[in-house]
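What follows is one structure encoded as structure tokens, with my remarks underneath.
Quick note: the coordinates plus some simple rules give every number you see, no bench work behind them. This is a predicted model, so every value here is computed, not measured. Here the Cβ positions follow ideal geometry from the backbone for every residue, glycine too, while neighbour counts run over all protein chains shown.
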Amino acid sequence: MAGSSMDTYLNDHLGGAKFGIDLAEQIRDRHKGTPLGDVMASMASEIELDRQSLLGLMERMGTSPNPVKQATGWLAEKVSRVKFATTMSDDDGAFMALETLAMGVEGKASMWRALKEVAGEYPSLATTNLDELIDRAEAQAAILERERLAAGRQALSNDATAPSDDPEATTPKRVNPYSAENPPTSPGRPASESAFKR
């Protein structure tokens, strides 16, 4: 049986995992049929695998999921869905959603590292492949960082929104980051390539 601190810690991350899945699916749905949508479909599946790994670990440790924390994660996702859908452009919404998801995945990696530090004190942890979970989280973080930075360049670029002093000049248009010229992003692509390539 895990102690109260461990119970709270694992439940906090379980709630975060549910939020992460919902957020990845939200990005996927808003960019369906695009390279970013494909990346997020894969990401949502991987985060669900990680959530199942965490649930299995909690069961082996005798820790029950806390319904209050799960409800909090559900509510946070609904709030983010409204925010990204109603108050931001597609570029801004994608950037903020990717940044939020990236922070969550970094937190997950930190959790697995922290658990590895105390694995010798818990038999269930000692038999869990924490190195594999850490590697997967770090790979997810690298993909999200690549997409986050590319989305940030698209959302925050001055030349895409700043008015021109020349009255005859046309207003620069944002480049569609999901045109046919931009191939899909996948975990195996170089870090410099992303779905948001201008």
Asn66 versus Glu138, label points 7 Å from Cα toward the beta carbon: distance in nm? 3.0 nm
Note: Ser110 to Leu49 extended length (0.36 nm per residue) minus current alpha-carbon separation gives 20.3 nm
Need one number: nm distance between label points at Ser42 and Asn129, each 7 Å from Cα along Cα→Cβ, rounded to one decimal. 1.9 nm
Simple label model, 7 Å out from Cα along Cβ direction - Ser5 to Glu117, nm: 1.0 nm
